[in-house]
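What follows is a single structure, written as structure tokens, with notes after it.
Values quoted throughout were computed directly from the atomic coordinates according to the rules given, and no laboratory measurement underlies them. In this text the structure is predicted, and so the values were computed from the model without any measurement. Glycine gets a Cβ as well: all are built from the backbone with ideal geometry, and neighbour counts include every protein chain shown.
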Amino acid sequence: MVDAAEIVDHDAPRERTSAPASAAGAAPACEVRPFDQRARNDYAAFCQSTPQSTPQNPSFVIGWADEPGTDFVMVTIAEAERTIFMLVLEIVREGPVTIARYPGGRHANGSFPAFAGNGVAEIHALLTGAMRRQRPDVDLVLLERNERERDGRTNPLLKQGCLQSPNVALAVDLDGGFDAVLERSSGKRKRKKHRSQSRKFEAAGGHSRIAGATAEEVDTLLSAFYEMKAARFRQIGVADVFADESIKRAFRRMFVGALDRDQPDFVLHGLEVGGVLRAVTGSSISGNRITCEFSAFRDDELSSASPGDFLFFENISEACDRGLTIYDFGVGDERYKRLWCDIESRHFDLHMPLTAKGQIVSATRRAASAAKRGLKENQAIWSLVKRLRKAGAGKPTPDSDD
């Protein structure tokens, strides 16, 4: 297993970084402005030539920003009159505090900002100062589940003092194509199982893998996914994080909006057996990486044939055929992911308190995150917790790796 990220020691001393030299020798400047139409246009243009992960993809952030009543801002850092960094944040109220976070909240996983520089001097001081000047109502900037690096470039938000996220992230290296992937992950057994599944599905009325190629198909696949996922959450005793209608509308905007693009950045797939959708996946594509943003399977008479595993087999095979280099299962440690994955990475969380209230909330969340991480790293205790949670399925709790 490859560890794609080191643990970030939040107790280590802070270090100052040097600013990259610029032609004019000017210090970098940071601006925070509303995410209005002009800002959206500027952001989309900047992202066309700048790598960024899905949670900062213009289609993703606009999918959430288009929801009525939301409050979004865009952070811009320029050096020598050249923009080198952009970040879109959602401002939300949580109890007595106001928090700036990634759009989508817990649905934003593996974040990496749009960044065109080789380093920014005191990026955190710049961001802190700009937020205090232009959004004094914000108590805490809380950026969770950040990638440590992408495409060989270090995340500019990474610094001494960041906290390791509680959950591991798992992915598959697609180097060498699908045959090579299978050779590295019990391929003979996987092929045999896949043939056996095909025979079972044919006996049950035939099967087909479908993609959401029209708005109607997107609606059908998303509706089936929400139904399956809600049932699964009830079964294991956790709250349904897709239940809110605003979340459903945001995802619909992303997947329907992608239909008009020559190279869609959001794709839906489903496995239909006997005329019934048995499994659904929703994925994003960023550069040469495809990320499974969510998945679900129907718990019925065919669940023992693992329709979800069958669909992942087909999805990974297609990703290899398309020349993609990484199949990312995202955050969460699950057995079905481990059957494929050979890349393990640890994300980091960034806390930037701006007020006394923000300091208190940050300290509380840091402690909770550290406790959760310790709990999940102890497999015996974590297995017990999941069993107890499932036994009390009538009383949902707000957190799950599922």
Quiz item: Using +1 on the beta carbon of Lys and Arg, -1 on that of Asp and Glu, and nothing else charged, what's the dipole of the stretch 175-324 about the Cα centre, debye to 20?
Solution: 660 debye
Quiz item: Taking the stretch 239-312, which GluC sites (Glu not before Pro) meet the DSSP loop condition and have no more than 13 other C-beta atoms within 10 Å?
Solution: E301
Quiz item: Long-range amide H contacts for A296: which residues qualify at under 5 Å (H placed 1.01 Å from N, peptide plane, sequence gap of 5 or more or a different chain)?
Solution: V280
Practice problem: Output the Cα-based Rg and Dmax of the stretch 251-304 in Å, rounding Rg to one decimal and Dmax to a whole number. | Solution: 13.1, 39
Quiz prompt | Distant-in-sequence amide H partners of D333 (H built 1.01 Å from N, under 5 Å) | solution = V168
Quiz item: At 222 nm, what helix-only mean residue ellipticity would the chain give, in deg cm²/dmol to the nearest 500, using -39500 (n - 2.57) for each DSSP H run of four or more?
Solution: -11500 deg cm²/dmol
Quiz item: Simple spin-label model, 7 Å along Cα-to-Cβ: D244 to T70 in nm?
Solution: 1.1 nm
Practice problem: Positive end of the charge dipole of the stretch 104-231 (Lys, Arg +1 and Asp, Glu -1 on Cβ, about the Cα centre): tell me which of G129, N167, S111 has its Cα farthest that way. | Solution: N167
Self-check item: Computed over the chain: relative contact order in percent, which uses C-alpha pairs under 8 Å that are six or more apart
Solution: 23 percent
Exercise. Would you kindly state how much longer the chain becomes between K188 and E334 on full extension, computed as 0.36 nm times their sequence separation minus their alpha carbon distance, in nm to one decimal?
Key: 50.4 nm
Quiz prompt | Check: the chain dipole with +1 on Lys, Arg Cβ and -1 on Asp, Glu Cβ, in debye | solution = 1100 debye
Exercise. Kindly flag which residue pairs out of K192/K337; K229/K337; K193/K337; K188/K337; K200/K337 have an alpha-carbon separation exceeding 21 Å in this structure.
Key: K200/K337
Self-check item: Relative contact order, percent, the stretch 175-324 [alpha-carbon distance under 8 Å, six or more residues apart]
Solution: 26 percent
Quiz item: Within the stretch 86-240, what percent of beta bridges assigned by DSSP are antiparallel, to the nearest 5?
Solution: 75 percent
Exercise. Under 14 Å from the Cβ of P264, count the other residues' Cβ atoms, weight Lys and Arg +1, Asp and Glu -1, and hand me the total.
Key: -3
Quiz item: Given a Förster distance of 45 angstrom, what is the FRET efficiency for R261 paired with R199, based on the Cβ-Cβ distance and rounded to 0.05?
Solution: 0.75
Quiz prompt | Under-5 Å amide H pairs with S286, H placed in peptide plane, nonlocal only | solution = T291
Quiz item: How much length is gained if the chain between E227 and R132 is pulled fully straight, taking 0.36 nm per residue apart and subtracting their Cα-Cα distance, in nm to one decimal?
Solution: 29.9 nm
Exercise. Mind giving me the nanometre distance, one decimal, between the label points for E216 and Q235, set 7 Å out from Cα along Cα→Cβ?
Key: 3.1 nm
Quiz item: Taking R0 as 60 Å, what's the FRET efficiency between R209 and R93 from their Cβ-Cβ distance, rounded to 0.05?
Solution: 0.90
